[in-house]
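Here the structure comes first, spelled out in structure tokens, and everything after it is commentary.
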Amino acid sequence: MSADSLLASRPTSAGADWTIDQDWASYSPEDHQVWLTLYERQAALLPGRACEPFLKGLEALDLHGRGVPDFKVLNQKLGALTGWRVVAVPGLVPDEVFFEHLANRRFPAGRFIRNPDQLDYLEEPDVFHDVFGHVPMLTDPVFADYMQAYGEGGLRALGRGRLHNLARLYWYTVEFGLIETAQGLRIYGAGIVSSRGESVFSLESPSANRLGFDLVRVMRTPYRIDDFQQVYFVLPSLQRLLDDTLQDFGPIYDRLANLPDLGIETILPQDRVFTRGDQAYAQTGGRLSDS
Ligand SMILES: [Fe+2]
């Protein structure tokens, strides 16, 4: 993900594209154990909650094996499936760098892993969030094309002053998206599948609204970065997300210039409502933790 406000300057060890060597050999046994602990928790929780493409991708990539995945090994499998690969970056990268990577089917991932005392809450995405959370969906051909289209859309959007609207699309899909299936709602967002607490909250909590996905509506909806979401948007299919994102957002940005942002808890008359939340969790201040 990118966030200019949180950026450090580019380390001298990073290339012009901000990539660094993963240096897999330098992970400690404790680092690998943190991965294994997180992996086993989520692998037990996600069947019946995560969507099929995610679960299939997790299986196909065999991310469990030796702890923190070696990107070289991972990329052989991922590349053969959809032509994507994972590149290591030192942390958050500038928007234009991020979009350029996605547009070329490269997913920038942090190489560091959280400490054993941070299993449940982390401010910056680590390798578990970035790889376990994001990479399984990149094995799905439609989602893989969507991520590339998002990057291309990001490059087109630079300088238009509407990146905050575009970032909401990423947030409410790539990070916190739900999808409707014949078996019920399922998770595909990386921020959810990599979080023990939100894997349950996103589907089961009576607090949050769950509303049908609508591109412009999503782009008008702010989000919270400090706690569980107050609203989740539900896709009818991954194809819908790709089709919507392949269009030129230029005319949409023009419309958004004259449309106010919506309150995060708002339900519009035209929204398709899957669940109307009572917002009790948010009103009581949340927990600022997903333990
Ligand atoms: Fe992420």
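Laboratory data are not the source of any read-out in this text; all were calculated from the coordinates shown. This one's a predicted model, so the numbers in the text were calculated from it and none came from an experiment. Glycine gets a Cβ as well: all are built from the backbone with ideal geometry, and neighbour counts include every protein chain shown.
For region 29-67, the tally of residues that are under 20 Å from G110 (Cα atoms), free of Cβ contacts under 8 Å to residues at least 12 places away in the same chain and in contact with a Leu (Cβ under 8 Å, 6 or more places away or on another chain) stands at 0. When R105 is tested against (1) without any contact (Cβ under 8 Å) to a residue 60 or more places away in the chain; (2) closer than 17 Å to Y188 by Cβ; (3) buried (at least 18 other Cβ atoms within 10 Å of the Cβ); (4) more than 16 Å from the ligand (Cβ to nearest atom), only condition (2) is not met.
Which helices (runs of 4 or more DSSP H) sit wholly inside region 2-102 and have at least 1 residues that are touching a Gly at 6+ places or on another chain (Cβ under 7 Å), crowded, with 17+ Cβ neighbours inside 10 Å and not acidic (D, E)? Step through it out loud before you land on a result.
Numbers: elements: 29-45, 52-61, 71-82.
The qualifying helices (runs of 4 or more DSSP H) are 29-45.
What about V142, is it among the aliphatic types (A, V, I, L, M), farther than 15 Å from I252 by Cα, within 15 Å of the ligand (Cβ to nearest atom) and in a helix (DSSP H, G or I)? In short, no.
Only one residue in G91, G133, G151 is within 16 Å of the ligand (Cβ to nearest atom) and in contact with a Ser or Thr (Cβ under 6 Å, 6 or more places away or on another chain), so which one is that? Just one listed residue meets the conditions, G133. Please work out if D126 is farther than 20 Å from V218 by Cα, within 11 Å of the ligand (Cβ to nearest atom) and buried (at least 17 other Cβ atoms within 10 Å of the Cβ). In short, yes.
Among the residues of region 198-217, count how many are within 16 Å of the ligand (Cβ to nearest atom) and either aromatic (F, W, Y) or closer than 20 Å to E265 by Cβ (or both).
Quick first cut of region 198-217, residues within 16 Å of the ligand (Cβ to nearest atom) only: 198-199, 202.
Checking the rest, the ones that are also either aromatic (F, W, Y) or closer than 20 Å to E265 by Cβ (or both) come to 198, 202.
So the count comes out to 2.
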